[in-house]
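Notes for the one structure printed next.
What follows is calculated from the coordinates using simple rules that are stated; it is not laboratory data. Everything numeric here is computed off the predicted structure, so don't read it as measured data. When we count neighbours, we look across all protein chains shown, and the Cβ atoms used for this are built from the backbone with ideal geometry, even at glycine.
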Amino acid sequence: MPFKLYNAPQSTCSQRVRFVLNAKGIPFDEVKLDLLAGDQLKPDYLALNPNGVVPTLDHDGAIVIDSSVIIEYLDEVSPEPANFTPRDPVKRAEMRAHMRFIDEMPAAAVRVPTFNLAFLPRFQKMSPEEFIAFAESKPLRKEMMLAMGQKGFSEKEMNSALDRMRRTYERMEHAITQSGGPWLMGIQPTLADISLMPAIVRMADLGLDDMWADKPLVAKWHDAIRAHPAYKPTYYFGSLLTEKFPHLKERSAKRA
Ligand SMILES: N[C@@H](CCC(=O)N[C@@H](CS)C(=O)NCC(=O)O)C(=O)O
């Protein structure tokens, strides 16, 4: 198969790429990495992606890294049958501005509740020396791991991440109102919607979807993305954190 995707089921960045491949009906070989075991830090993988993160796309030997770059690449090389990039350069610029905002704000902020609520128990099982060595071996995420430490992000850091998510929902509600919806830019989904999807789905997975209870257009958008035909094959079993970490399911049940 010409397309091979190195990724991880629960990785938000990987979910963007799987969604675009599925929406376009592009068959691909999927190589699954275990990120908590450090597969992304092995020399063979670092030779493909020196950032030591997923996803990485191999298209007939051409290596493309970074989820935002990969989804734009896929829209360029396979523009049919589904295309997510507006033709009008002004609209295309608007879509890219949304994508930069999404990478800077929700895609980064969502890591804080994800790490504190889902991954921390795993890191707490490591010895302090093991944890430091694991953190220091990460080309891109070393500082974030060391800042989190084995106690998790502080309440202040957690609140600031949740505030960045809150500002994202406000931005979404505004964009959908302006465009007429149901998507960020109107009646057609664009790469901006696909970039945003994993952070919003992740917040719901963590049981934090009450944060947009007063934002009906965000709620509708969340319904629309889950109803898209590419959603189910993208979020196959094991892609949600609640499907992988039993302690999160218990947490959601307690909240219900
Ligand atoms: N900007 C990169 C970020 C990739 C990224 O952070 N990937 C995460 C999973 S969503 C990862 O591989 N983390 C592994 C680690 O932190 O060691 C992209 O969008 O591809």
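One table, with the values for the structure above:
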| item | result |
| --- | --- |
| GNM top mover of Ile65, Ile194, Ile132 - the chain, alpha-carbon springs below 10 Å | Ile132 |
| Semi-axes of the equivalent ellipsoid for segment 89-235, Cα gyration tensor, largest first, Å | 32, 16, 14 |
| Karplus-derived HN-Hα couplings along segment 154-165 (A = 6.51, B = -1.76, C = 1.60, θ = phi - 60°), whole Hz, x at Gly and Pro | 5, 4, 4, 5, 5, 5, 5, 5, 5, 5, 5, 5 |
| For q = 0.10, 0.13 Å⁻¹, Debye-computed log10 I/I(0) when each Cα of the chain counts as one equal scatterer | -0.50, -0.86 |
| For a label point 7 Å along the Cα-to-beta-carbon line of Glu80, residues of segment 1-18 with backbone N under 20 Å | 2-3 |
| Where only C-alpha atoms are counted, convex hull volume of segment 26-139 per residue in Å³ | 134 |
| Projected area averaged over orientations for segment 3-77, convex hull of C-alpha atoms, nm² | 4.5 |
| Cα→Cβ-extended label distance, 7 Å offset, between Asp60 and Lys151, nm | 5.5 |
| Extended-chain gain in nm, criterion 0.36 nm per residue less alpha-carbon gap, Asp44 and Arg87 | 11.6 nm |
| Net charge of Cβ neighbours under 15 Å - reference Pro229; Lys, Arg +1; Asp, Glu -1 | +2 |
